[in-house]
Each structure stands twice: as C-alpha cells, then as structure tokens.
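Taking it in order: structure first as structure tokens, then the write-up.
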Amino acid sequence: MNTNNHESKEKVNFIQAIIDQDKEKNKYNGRIHLRFPPEPNGYLHIGHAKSICLNFGLAEKNNGLCNLRFDDTNPSKEDTEYINSIIRDVKWLGYDWGDRLFYASDYFDRMYEDAVSLIKQDKAYVCDLSPDEIREYRGTFIKTGENSPYRNRSIEENLKLFQQMREGKFEDGSRVLRAKIDMNSPNLNMRDPVLYRIVKKSHHRTGNKWHIYPMYDYAHPLEDYYENITHSVCTLEFEDHRPLYDWILSSLYSTELPQQIEFARLNLSRTIMSKRRLRVLVEDGYVNGWDDPRLPTISGLRRRGYTPEAIRKFCDRIGVAKTNSVVDIQFLEHCIREDLNKSAQRVMAVLNPLKLIIDNYPEDYTEDLECENNPEDPQAGTRKVSFSRILYIEREDFHEDPPKKYFRLAPGKEVRLKNAYIIKCHNFVKDEQTGEVKEIHCSYDPETKSGGPGASRKVKGTLHWVSAKHAVKAEIRLYDYLLLEERDNKGEEGKDNFTDCINNNSLEILKDCLVEPGLTNAFKEDKFQFMRKGYFCFDPDSKPDKLVFNRIVTLRDSWEKIIKSNQIGDK
RNA sequence: UGAGGGAUCGUCUAGUGGUAGGACACCAGACUCUGGAUCUGGGAGCGGUGGUUCGACCCCACCUCCCUCAGCCA
C-alpha cells in the first residue's frame with residue numbers, strides 16, 4: 001500500500017527491480033511469493049526485522065504472499081521455546097502469514113523421496129568417509145578435491161544404504177548422502193556437498209521418526225519449491241551457495257523454479273547482533289534475559305518501548321543493497337523519537353529531585369493546573385496536575401554559580417514552572433556535611449499563572465516539576481549502549497574477547513524518582529514523554545506500590561551539546 | 001592463493017551516458033511556556049590511473065581496498 005507521504009517516493013531497491021522485470025516477462029505467471037524462514041534456534045533481533053519487513057513488505061507491495069517457515073532441519077539446536085517467541089515477534093511487528101505457517105520438518109518425507117530420485121539419477125551417493133576424511137578429500141581454495149572412494153557405488157547399493165540410514169542402522173557420523181557434482185569445482189560448495197547426515201536425536205516436532213536429517217543446502221531450495229516460492233531472499237553469505245541451490249532444483253524439477261537473491265544483512269553500531277554473542281550476554285549474565293531492554297532483540301526492543309511502527313519505518317528507510325554497511329544506531333533512535341513525538345502523552349517526572357519551596361505561596365493550599373497532554377496532537381486533550389508550596393525540580397536545573405547561557409534556575413534568576421508560574425530564586429540551603437544543595441527558596445509571581453492574563457511575560461527557561469505532597473515515587477531505569485564507543489568495531493567484528501568491549505555502565509537505576517500521580521494508572525506497553533527528559537515506558541516489573549519505567553530514548557538535547565563543545569573549547 | 005561479491009557526503013541510500021538527489025548526523029538562524037517539536041538556510045561525496053565519448057558515478061582496461069566461503073550449522 002502506498003502512502004502519499006512526500007518522503008516515501010516509492011524507493012525501488014534492487015530486489016524490487018528484479019521483481020519488476022520478472023513481472024514484465026510474466027515469469028511465474030505474475031505470481032510473487034516470498035517467505036521468512038528462521039531457524040528456531042534463538043530469539044529474533046532487529047536484523048531479522050529487516051528481513052521480515054523486506055519479505056512481507058515486498059509481498060504486500062506486489063500483491064503477493066509471504067510465508068512464515070521454520071527451517072527446523074537440525075534437531076540438536078532447535079526448540080519449541082524459540083518457535084513461540086518468533087511467532088509472537090513477527091505478529092507484533094504487524095505481519096500476517098495467513099494460513100501459511102510451515103515447517104521444514106513437514107516436508108521430510110517428500111525430501112527423502114527427492115533424495116531417492118537423485119540417487120536413481122546417479123546424482124547422489126552414500127559416502128562412508130569420516131568428517132575429517134571428507135574435509136581432506138574436499139581440498140582447499142588452491143588445491144582441487146579428490147573423489148571419494150565410495151563415489152562409484154552402484155545405484156542399487158546406494159538405495160539400500162540410504163534406506164538403512166533412514167532406518168537408523170548406522171551410527172551418527174558414520175555415513176552421509178552426498179551430491180555427485182564436481183570435486184574440481186572452484187566453488188567448494190559444489191565439491192560433492194553433504195545432503196543428509198545421521199543425527200540420532202529427538203526432533204521437537206517429528207520426535208524419533210527420523211534418524212537422518214537434510215542439510216540446509218539440500219532442504220532450502222526444496223522447501224522454497226514445495227511452497228511455490230518465486231523469490232527466495234537471503235543474506236550475502238549464501239551467494240556461493242546459489243549454484244548448489246540451482247543444481248538441486250534443476251536436477252529434480254523443471255518449471256517455476258524459485259530464484260535465490262542475496263542482500264546485505266543489517267549491522268548496527270554500538271550493539272551486539274550475532275546470535276552466538278547475544279547468547280553469551282544472556283547466559284553469562286551480562287544482561288537480564290533475552291528481553292533485556294539493552295538488547296537489540298525484538299523482545300528487548302519491545303520491552304525498551306520501541307513501537308512496531310518505528311521499527312518498520314527504520315527498516316524501510318535504511319534501504320536494501322548488497323553493500324556491507326553499519327547503520328548508526330542514532331538512526332534507529334531518530335525513528336522512535338519521531339513516532340513517539342506524535343503519539344506519546346506528555347507528563348512531568350523528576351529523575352533527580354531537588355526540593356524547592358515557594359515562600360510566598362500559601363501553606364496547605366493546592367491548585368489543579370490545566371496541562372496539555374500533547375502539543376503535537378490537540379485531540380489528546382488536557383489533564384489536571386496539582387501544584388502546591390513545596391515542589392521538586394530536577395537537580396540539574398539549579399546552579400548556584402551558573403555557566404554562561406544557562407537558562408535555568410540560579411540565585412536571583414527567574415524561570416517559568418511549566419503550566420504554572422514564573423518563580424524567582426532568593427536563596428538556597430546546603431547540607432553542612434556534604435556541601436550539597438539541599439533546598440532552594442523562591443517566590444512566585446501570582447500574575448503569571450499559565451493561561452491567565454499576565455502569562456505573556458517571557459523568561460528564558462521553563463522547568464518541569466512535581467508537587468511534593470502529590471507526587472508518586474518511581475524507579476527509573478536508564479540505558480546506555482552495550483558497546484564502548486572506542487571499541488565499537490572490534491566489539492562486533494573482532495574474533496574473540498568481545499566482552500572486553502562491553503560497556504559496564506549500560507544500566508543505571510534511579511530509585512528515588514518522583515512522577516505525576518496520574519502515572520499510577522500506566523500499564524502494559526504504555527509510553528510517555530517525561531517532559532524535557534525523554535521518552536519512557538512502563539515496565540512489567542512494576543508493582544502496585546512501585547512503578548518502574550524504562551527510558552526508551554532521550555530527547556535531543558542542544559544544551560548538552562553546548563556544554564560538551566565548551567568543555568572541548570576550554571582545553 | 002581459488003571462487004563469489006562489493007566500493008557514491010561522517011553514516012545509510014538513490015542515480016545504468018546529459019546539472020550527483022534524499023534521510024540521519026552536523027552547523028547557523030527563526031519560532032517556542034519542553035534548550036523538545038516545527039520551519040528556513042548551510043557545509044559535506046562518486047577508491048585510483050588510463051581509455052572510449054561532444055559529454056562518464058555509469059561503458060572498457062589495469063590497479064587498490066573491503067566482505068564471504070575450506071561444518072556431517074543455518
């Protein structure tokens with residue numbers, strides 16, 4: 001479906017270009033059918049999201065179909081736990097596979113028959129070489145391979161042995177079925193690749209029915225063919241496998257063969273994306289589970305407060321190409337800010353409270369002030385927030401000796417309290433022990449009440465606040481990047497010790513935050529803008545007496561930039 | 001070293017012979033009861049060398065650099 005948004009001028013990526021050509025030539029009779037085929041051996045992450053959005057998106061755009069298929073051909077790695085999480089995540093992202101949820105394991109019988117057919121054509125044979133021997137016979141980049149001594153077994157013997165492999169007559173690793181292609185091929189994948197191996201392990205769906213399991217290179221093209229897939233989109237590392245993909249299919253079938261197309265997988269700066277490393281982070285306790293908000297897993301992003309819309313927009317905007325690239329994580333952050341700016345309710349929350357007393361405001365008096373819920377969306381309406389004599393403001397919003405261009409509160413200075421009054425600071429009290437500012441004393445100008453006749457007076461700064469006797473306590477969790485900046489590249493690309501590059505301060509827990517009382521009604525995946533602080537979401541760790549919020553992302557902060565550039569300039 | 005891919009602003013990405021465009025980031029200004037948002041403007045790029053052509057990011061040649069592959073993983 002096309003949006004009429006001026007920005008999305010229907011950018012045609014190279015895969016869409018191929019589809020356009022195929023349509024024009026009426027290849028596949030105009031059918032367009034894709035698939036997202038994860039192996040259920042781990043949790044999905046933002047890189048998978050790119051593939052999901054690509055495949056389902058292409059199907060939508062071309063009036064085609066997209067299947068969800070579990071590529072469960074290796075029982076020693078896979079589990080139902082992952083199937084459930086994958087189904088949940090794809091759904092959450094907003095995609096619908098209709099009734100086309102498939103499992104490679106559903107095709108095992110048919111794949112077996114196809115293997116028999118290859119044997120009968122003398123295109124496959126049972127090989128008794130050990131894994132080490134197969135490696136030796138395969139040769140190397142510069143050395144051609146050697147034919148297996150079992151390569152010339154008779155078709156009858158191969159048929160019989162393959163049947164016995166199926167029946168579980170042999171031990172793991174003792175025999176395999178191999179394609180008979182070319183041991184001298186410059187492409188190592190074509191040097192008689194293994195098609196089936198013996199794995200005497202229970203499969204999460206087929207139980208103990210099978211003792212042999214097909215390899216990816218054999219199974220994948222067939223799965224695609226069985227499902228009438230037209231365009232089989234995968235990542236770049238499979239480019240070398242395409243000749244084998246085509247060999248398998250053309251050896252067995254002749255019309256409407258699917259074609260494999262490769263694109264570059266997503267890399268994101270300052271985070272970890274490899275399944276292996278994510279597993280280390282989770283299992284060695286660097287993070288708290290697969291849905292830790294610091295992780296780029298779909299479940300982590302969901303808990304962090306990312307919306308499916310933002311993720312889809314991100315995937316759409318990073319584009320699809322064959323160039324290896326690293327997308328700046330700030331681009332992802334931009335997408336969630338953009339989404340939440342339009343939709344998130346504004347509230348006031350003080351992360352590091354500093355007591356502020358309005359000396360000339362009546363004691364035991366409360367006013368309910370009208371506050372806009374979202375200036376970007378008048379439909380969002382207003383709410384009442386209580387104001388009283390003792391308030392809390394953000395500690396960083398007061399400075400006893402302010403730097404240049406500081407618009408916030410300081411002795412003798414005026415600021416506006418958001419939706420309330422202009423106040424002026426007269427003095428402050430320090431803790432004698434620590435020297436820390438303990439409370440500040442101000443006066444307010446009753447004429448300047450927001451919305452009132454005298455409200456037009458301008459001051460430089462506006463602060464958010466909460467009323468001491470109305471505010472509710474909350475725990476707020478702040479997240480930073482998983483990887484240290486200076487180690488960024490090594491962190492994701494270095495071969496070992498990537499844990500050296502981990503940012504040990506990626507989680508900061510603030511326990512004494514104060515938020516508007518209305519937030520006690522928050523639940524599920526509710527998201528808010530804590531004014532001037534960022535976007536936050538309700539965390540399921542919350543209990544009735546203890547609210548917990550996650551910081552999704554900060555607001556853009558030009559003051560922060562001024563400070564940083566001054567610090568650099570002063571040196 | 002063999003094979004297969006790739007190289008366009010700082011970052012992603014368009015552009016397949018006719019003024020190199022967009023987004024993020026950055027800088028400046030306007031506006032603002034969020035130092036947010038919004039708006040306006042700006043700087044910033046074709047890996048190199050030759051060749052073909054009136055004209056080359058695009059075609060050709062050579063070179064350089066980067067990625068993937070030697071699992072009975074996917």
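The values are calculated or read from the model by the stated rules, or taken from the named source; none is laboratory data. Just so you know, these numbers come straight off a predicted model, no measurement behind them. A quick note on method: Cβ atoms are made from the backbone with ideal geometry, for glycine too, and the neighbour counts reach across all protein chains shown. Just so you know, the surface numbers come from the protein's heavy atoms only, side chains and all, with ligands and any DNA or RNA stripped out. Shrake-Rupley method; radii C 1.70, N 1.55, O 1.52, S 1.80 Å.
Here are a few things to note about the model shown:
- Between A:ARG317, A:ARG303, A:ARG277, A:ARG265, the distinction of being within 16 Å of RNA strand B (Cβ to nearest atom), in a helix (DSSP H, G or I) and in contact (Cβ under 8 Å) with a residue 24 or more places away in the chain belongs to A:ARG277 only.
- Count of residues meeting criterion [touching a His at 6+ places or on another chain (Cβ under 8 Å) and charged (D, E, K, R)] in segment A:158-189: 2
- Sole exception among (1) of a type in the set (Gly, Ala, Ser); (2) without any contact (Cβ under 8 Å) to a residue 24 or more places away in the chain; (3) open to solvent by 40 Å² or more (accessible area, probe 1.4 Å) for A:GLY289, by number: (3)
- Segment A:349-413 holds strands (runs of 3 or more DSSP E) entirely within its bounds, and those carrying 1 or more residues that are open to solvent by 40 Å² or more (accessible area, probe 1.4 Å) and of a type in the set (S, T, N, Q) map to A:382-387.
- Positions within segment A:65-78 being open to solvent by 20 Å² or more (accessible area, probe 1.4 Å) and more than 13 Å from RNA strand B (Cβ to nearest atom), in sequence order: A:LEU65
- Candidate set: segment A:512-571, residues that are of a type in the set (Gly, Ala, Ser) and open to solvent by less than 40 Å² (accessible area, probe 1.4 Å); chosen: the one nearest to A:TRP92 (Cα to Cα): A:ALA522
- Residues in segment A:202-236 that are touching a strand residue (DSSP E or B) at 6+ places or on another chain (Cβ under 9 Å) and either without any contact (Cβ under 8 Å) to a residue 24 or more places away in the chain or of a type in the set (Lys, Arg) (or both): 2 in all.
- Which listed residue, of A:ILE329, A:ILE298, is touching a residue at least 12 places away in the same chain (Cβ under 8 Å) and more than 11 Å from RNA strand B (Cβ to nearest atom): A:ILE298
- Of residues in segment A:414-433 being among the charged types (D, E, K, R) and assigned to a loop (DSSP other than H, G, I, E, B), the one nearest to A:GLY461 (Cα to Cα): A:LYS418
- Scan segment A:206-258 for residues that are of a type in the set (D, E, K, R), under 30 Å from A:CYS53 (Cβ atoms) and surrounded by fewer than 18 Cβ atoms within 10 Å (Cβ to Cβ) and the total you get is 5.
- Selection count where residues are hydrophobic (A, V, I, L, M, F, W, C), buried (at least 18 other Cβ atoms within 10 Å of the Cβ), within 36 Å of the chain's Cα centre (by Cα) and more than 14 Å from RNA strand B (Cβ to nearest atom), scope segment A:84-141: 3
- The condition of being touching a helix residue (DSSP H, G or I) at 6+ places or on another chain (Cβ under 6 Å), away from RNA strand B (no atom under 13 Å from the Cβ) and assigned to a helix (DSSP H, G or I) does not hold for A:GLU223.
- Taking the criterion of being in contact (Cβ under 8 Å) with a residue 12 or more places away in the chain, open to solvent by 60 Å² or more (accessible area, probe 1.4 Å) and either more than 17 Å from A:GLU394 (Cβ to Cβ) or within 9 Å of RNA strand B (Cβ to nearest atom) (or both), the residues of segment A:415-461 that qualify are A:LYS418, A:LYS424, A:HIS426, A:ASN427, A:PRO446, A:LYS449, A:GLY451, A:ARG457, A:LYS460.
- Unmet criterion (only one of (1) at pLDDT below 95; (2) within 23 Å of the chain's Cα centre (by Cα); (3) within 16 Å of RNA strand B (Cβ to nearest atom)) for A:ILE502: (3)
- Considering segment A:178-190, and only residues there that are open to solvent by less than 10 Å² (accessible area, probe 1.4 Å) and within 12 Å of A:ILE134 (Cβ to Cβ), the residue that is farthest from RNA strand B (Cβ to nearest atom) turns out to be A:MET183.
- Test: residue in segment A:327-348 that is within 23 Å of A:ASN521 (Cα to Cα) and more than 34 Å from the chain's Cα centre (by Cα): no
- Set A:ILE336, A:ILE318: member being crowded, with 22+ Cβ neighbours inside 10 Å and touching a helix residue (DSSP H, G or I) at 6+ places or on another chain (Cβ under 8 Å): A:ILE336
- Looking only at segment A:23-64, and only at residues there that are among the aromatic types (Phe, Trp, Tyr) and more than 15 Å from RNA strand B (Cβ to nearest atom), the one that is surrounded by the most Cβ atoms within 10 Å (Cβ to Cβ): A:PHE56
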